[in-house]
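These notes are about the structure you will find just below.
The values are calculated or read from the model by the stated rules, or taken from the named source; none is laboratory data. Keep in mind that what you see is a predicted model, and the values were worked out from it rather than measured. Here Cβ is always computed from backbone atoms with ideal geometry, including for glycine, and neighbour counts include all displayed protein chains.
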Amino acid sequence: MTTPNTPPARYSSASMAMHWAMVLVFVAVYVLINVAEGFEKGSAERQMARDWHATFGLLVFGLVWLRIVLRVLGSTPPIEPTPAVWLEKLAKLGHLALYALMIGLPLLGWLLLSARGKPIPFFGLELPALMAPDKELGRTIKEIHEFGGNLGYFLIGGHAIAALFHHYVLKDNTLRRMTGFTRRP
């Protein structure tokens, strides 16, 4: 039972819902760009997959701000038993990198479409360009965006592996705090 002086055993329902919703949106972003590559260049199917990739990428950008608000206004349940200081610092660095990914990659994608003079799709709307078309700069932005996207596989995968490591090796409550299951099976 949680009393006013006892920290919660898990994140709020809103924080957990946001976390898992963003997992699904990230899956969509990565699946869509990989699906797009399977279609012939210039095909309607390829363009549709790319448009949905951009749309879901921009959704990440919008949702991350809500997630930050929830993080600032909410409480962070303690990890029990308390991990080593170096693990806590590594976790903070990993979370910072994930937030940079959730802000930076969508912005780079938006800049990339702008630099190419392409429409910026968002659920049937067209967002404004962030810059004038510039093909040379567009190529550079594309390389950075793709590098960040590939880095994202490692950051997201590392985050998942760390949660499983905490759960199965360290046997602490890190994963249970974000799933809502507060007792060990």
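Data table
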quantity	calculated
Subset of the range 133-179 (residues that are touching a residue at least 12 places away in the same chain (Cβ under 8 Å) and over 28 Å from residue 71 (Cβ atoms))	133, 134, 135, 137, 138, 141, 142
Any hit, the range 4-18, residues being within 20 Å of residue 173 (Cα to Cα), surrounded by fewer than 13 Cβ atoms within 10 Å (Cβ to Cβ), of a type in the set (D, E, K, R) and within 21 Å of the chain's Cα centre (by Cα)	no
All positions within the range 17-33 that are free of Cβ contacts under 8 Å to residues at least 24 places away in the same chain and farther than 25 Å from residue 176 by Cα	31
Search result, residues across the range 60-88 that are free of Cβ contacts under 8 Å to residues at least 40 places away in the same chain, under 24 Å from residue 127 (Cα atoms) and not β-branched (Val, Ile, Thr)	62, 65
Criterion violated by residue 76 - all others in (1) at pLDDT below 95; (2) of a type outside the set (A, V, I, L, M, F, W, C); (3) in contact with a Phe, Trp or Tyr (Cβ under 6 Å, 6 or more places away or on another chain) satisfied	(3)
Residue match in the range 120-129 (condition: in a helix (DSSP H, G or I) and without any contact (Cβ under 8 Å) to a residue 40 or more places away in the chain)	no
Residue among 164, 111, 151, 90 that is surrounded by fewer than 17 Cβ atoms within 10 Å (Cβ to Cβ), farther than 18 Å from residue 23 by Cβ and modelled with pLDDT of 95 or more	90
Residue in the range 60-76 that is part of a helix (DSSP H, G or I) and among the polar types (S, T, N, Q) present	no
Unique residue being among the aliphatic types (A, V, I, L, M), touching a helix residue (DSSP H, G or I) at 6+ places or on another chain (Cβ under 6 Å) and either buried (at least 17 other Cβ atoms within 10 Å of the Cβ) or assigned to a helix (DSSP H, G or I) (or both) when the list is 102, 48	102
Enumeration of residues in the range 120-177 that are among the basic types (Lys, Arg) and more than 22 Å from residue 76 (Cβ to Cβ)	135, 139, 142
Some residue of the range 116-133 being closer than 30 Å to residue 8 by Cα and either touching a helix residue (DSSP H, G or I) at 6+ places or on another chain (Cβ under 6 Å) or surrounded by 12 or more Cβ atoms within 10 Å (Cβ to Cβ) (or both)	no
